[in-house]
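Take a look at the structure set out below.
The values are calculated or read from the model by the stated rules, or taken from the named source; none is laboratory data. What you see is a predicted model, and the numbers here were worked out from it, not measured in a lab. Methodologically, a virtual Cβ is constructed for each residue, glycine included, from the backbone with ideal geometry; neighbour enumeration extends over all protein chains shown. Side chains are part of the model used for accessible areas, which takes the heavy atoms of the whole protein and leaves out ligands, DNA and RNA. Shrake-Rupley method; radii C 1.70, N 1.55, O 1.52, S 1.80 Å.
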Amino acid sequence: MNVIVCVKQVPGTNEVKMNKETNTIIRESAEAIINPFDEYAIEEGVRIKENTDGSVTVLSMGIPQVADLLRETIAVGVDNAVLLSDKAFAGADSLATAYALSMGVKKIGKYDLIICGKQATDGDTAQVGPSLAEKLGIPHTTYVRKIEQITENYIRCQRMTEDGYEVIEMPLPAVITVVKEINEPRLPSIKGKLKAKKTEVMVYNADDIGADKNLCGLKGSPTQVVKTFVPEHEISGEIIEGTSREQAQKLVQKLMSMQFMTCK
Amino acid sequence: MNYFLTEEQEMIKELAARIADEKIAPVALEYDHEGKFPHDIMQYLAQSDLCGVYIEEKYGGLGGGVFEMALVVEELSRACGGIALAFAGTGLGAFPIILFGSEDQKQKYLPDIASGKKLAAFGLTEADAGSDAAGIRTTAVLDGDSYVLNGTKQWITNGGEADIYTVVACTNRSKGARGFSAFIVEKGTPGFSFGKKEDKMGIRASCTRELIFEDCRIPKENLLAREGMGFIVAMKTLDRTRPGVAAQALGIATGAFNAALKYSRERVQFGQTISSFQAVQHMLADMAIQIEASRCLVYQTCRHVDSGAKDISKESAMAKVMASDTAMKVTVDAVQIMGGYGYMREYPVEKMMRDAKITQIYEGTNQIQRNVIALELIKQASKV
Ligand SMILES: Cc1cc2nc3c(=O)[nH]c(=O)nc-3n(C[C@H](O)[C@H](O)[C@H](O)COP(=O)(O)OP(=O)(O)OC[C@H]3O[C@@H](n4cnc5c(N)ncnc54)[C@H](O)[C@@H]3O)c2cc1C
């Protein structure tokens, strides 16, 4: 079974720097990590490969430095790494990203399953996985917390919902996005790290994958971010003093005066 | 300080550090209080290929030596010296096979140790034979195609948890230490059982038990080297594993120092952080000096041992004494800097102080190490 895992580079810290002109994140500055949710996607891909024989390919669209992050995934069992990198991809929203990835997937060719993290920790849109499935014309399931069964023809998985889960069966090939409950990502191994050092990441530009540049990057992005700002939280707390009994009494009085509670 | 590690050594150190910080540190106090053996942590080491860092590549290891082993022990011990001992104790049990095993023995036992599938242990000490290891009474008698073992080994690290045991017994009592032989004994062999788990001051996540042999019959092929080589097998093994104890001490000291330094910058008394008091600053400086000096000696000793040098007893004893005395002093000072909080079981330095003590005792007490060092110095001087 051949699995493609889509991964994204995100800033490792909480201090995200924005480009004021384009209103997009400046990725060159912050320490870069793989989107934490994608780590679960990689682990699940590697497990499927180990149980069924096949390969795992990681696919990313990003700046050239992302190649180093992709190479590290070899150390946890990934076989091939593909990076889509081109100035034409810069400033892409989730739709343009999904388009570029879909062209990358077609370039890779044979695949049975595509796995994405449920969302990226920087943009938090959770749209790329489903959009990618649409672009490829294949089914998808989001928020997968467990794969119950996977055969050559179909996948049956548990989709997490607010109060439980649904069991969904889809024909393959398909896209799933996974939540962190699905597994515990393994640590890299030394032998894997040594192999990673020698692995070459395939880098493709827009022409290599036959992408229409009008559908890529800022040009291909219908989303226009007008303004971004960090919301200000005005939280003022009050500490109620006294013995536990006094504290409870004061709290009840307060809640009643604020009409959060009534006394019958 | 830059210790000019190779790229692979850096990788090993980083990965061990990651396991220490992510997997061991969060559970160290729990494992200590409950005396829980860290099989789960060993699985992480196994998945990361760290179990075999000191084993040749052809037996599934990474082809490193004592230095690589020490780097792993040091990093793990920063988080918990007891948990680290599951790994280090296995090294102690494996080295007799690495150094003296036949090709068949190596092929049979080393791959499972390298992959982390099996743990090992080393049994020399007995109730009446500690520092005076030549006083052991366990016997092995050749009977047809097997040796029959009788006797009891005491305080054996990984006892009961390990699958592979290297054990020293007398095959010819009249020859004293020259009549000792070393054997490989597998767990599950009839006549081989374990005593109760010891209740210890520190390294409580490590398991220490008696090995009891009652007419325990093992195949003749399990003899290591030749009959009469047992004492040499033990001494040459300990020469190579003492830097591991030193690394354990170094890790414990580093962990305690880090905790004390952090605390000193947070704790406010008399309107200022306690790190602003010169008395505290000087303690921190002294701790750091001793740790760094120990690390220099331990790392360089490892390199000396791995270079294939013949005379390593003195150096390996020096590294062990220096690092373990440092660990004891640094952990006591870390508790002092943290005051009453340092004395509480909720904070890690109380445990580190208990853990540090063993490094001055096992694999030869520091008094015995000083004897070794002094005798060697005098011997060398008399040659001139
Ligand atoms: C937790 C733990 C784990 C252990 N794990 C193992 C293991 O895996 N395998 C194994 O074989 N053993 C193991 N041991 C045994 C350990 O190596 C011995 O405890 C150690 O060698 C000291 O022996 P002893 O305890 O009998 O002390 P003793 O030899 O009785 O020493 C008592 C005191 O007398 C001093 N002393 C003795 N002789 C001299 C001398 N000639 N000159 C100066 N001072 C002297 C010692 O330094 C010490 O202070 C372990 C012990 C412990 C506590």
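Per-structure values
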read-out: Apportionment of accessible area to carbon and sulfur, chain A, percent (1.4 Å); value: 50 percent
read-out: Distance in nm between pseudo-label sites at A:THR223 and B:GLN380 (7 Å out along the Cβ direction from Cα); value: 6.9 nm
read-out: At 1.306 mPa s and 10 °C, Stokes D of segment B:254-384 from Kirkwood alpha-carbon radius, µm² per second; value: 97 µm²/s
read-out: Heavy-atom accessible surface of segment B:231-378: percent carbon and sulfur, 1.4 Å; value: 61 percent
read-out: Extended-chain gain in nm, criterion 0.36 nm per residue less alpha-carbon gap, A:LYS213 and A:TYR154; value: 17.8 nm
read-out: Rounded to 5, the percent of DSSP beta bridges in chain A classed as antiparallel; value: 40 percent
read-out: Given chain A, longest segment not containing exposed loop GluC sites (Glu not before Pro) (DSSP; at most 14 other Cβ within 10 Å); value: A:32-151
read-out: Shape box of segment A:2-215 [Cα atoms, principal axes, largest first, Å]; value: 46, 38, 36
read-out: Accessible area buried, both sides summed, chains B and A with 1.4 Å probe, Å²; value: 1200 Å²
read-out: Extension gain, B:ASN371 back to B:PHE4 (0.36 nm per residue minus Cα-Cα distance, nm); value: 128.9 nm
read-out: Interatomic Cα distance distribution for segment B:7-118, bins of 10 angstrom, percent; value: 15, 50, 28, 7, 0
read-out: With Cα atoms, 0 to 90° folded angle of helix B:278-306 axis to chain B main axis; value: 30 degrees
read-out: Solvent exposure ordering (accessible area, 1.4 Å, most first) of B:ARG265, A:ARG159, B:ARG242, B:ARG18; value: B:ARG265, B:ARG18, A:ARG159, B:ARG242
read-out: Extension gain from B:TYR343 to B:MET235, taking 0.36 nm per residue of separation minus the Cα-Cα distance; value: 35.1 nm
read-out: Dmax and Rg, reported as Rg then Dmax, of chain B (C-alpha, Å); value: 20.9, 79
read-out: Antiparallel content of DSSP bridges confined to the protein assembly as shown, in %, to 5; value: 60 percent
read-out: Accessible area in square angstrom per residue, the protein assembly as shown, 1.4 angstrom probe; value: 48 Å²
read-out: Nonlocal amide H pairs with A:ALA32, under 5 Å, H built at 1.01 Å; value: A:GLY12
read-out: For chain A, calculated [θ]222 nm from helices alone, where every DSSP H run of n ≥ 4 adds -39500 (n - 2.57); value: -8500 deg cm²/dmol
read-out: Whole-Å distance, taken between Cα centres, linking segment A:139-179 and segment B:177-199; value: 52 Å
read-out: Distance in nm between pseudo-label sites at A:ASN205 and B:GLN272 (7 Å out along the Cβ direction from Cα); value: 6.1 nm
read-out: For B:LEU375, solvent-accessible area (1.4 Å; no DNA, RNA or ligand), Å²; value: 120 Å²
read-out: Antiparallel bridge percentage (DSSP; both residues within chain B; nearest 5); value: 85 percent
read-out: Peptide A:185-193 - average C-beta neighbours from other chains (10 Å radius); value: 6
read-out: Probe 1.4 Å - accessible area at B:MET352, Å² to nearest ten; value: 20 Å²
read-out: Rounded to whole Hz, the Karplus (6.51, -1.76, 1.60) HN-Hα couplings of segment A:175-180, x for glycine and proline; value: 10, 10, 10, 10, 9, 6
read-out: Equivalent ellipsoid semi-axes - Cα gyration tensor, the protein assembly as shown, angstrom; value: 53, 34, 25
read-out: Test item: B:48-58 mean partner chain Cβ contacts at 10 Å; value: 2
read-out: Dipole magnitude (debye, nearest 20) for segment B:231-378, charges at Cβ of Lys, Arg, Asp, Glu; value: 160 debye
read-out: Under-5 Å amide H pairs with B:LYS118, H placed in peptide plane, nonlocal only; value: B:ILE113
read-out: Within chain B, helix-based [θ] at 222 nm, where runs of 4 or more DSSP H residues each add -39,500 (n - 2.57), nearest 500; value: -18000 deg cm²/dmol
read-out: Average beta carbon contacts from partner chains per residue of B:61-68, 10 Å cutoff; value: 1
read-out: Pair-distance profile P(r), taking every C-alpha pair of segment A:48-170, with 10 angstrom steps and integer %; value: 12, 39, 39, 10, 0
read-out: Helix B:81-100 vs. chain B, principal-axis angle (Cα, 0 to 90°, nearest 10); value: 30 degrees
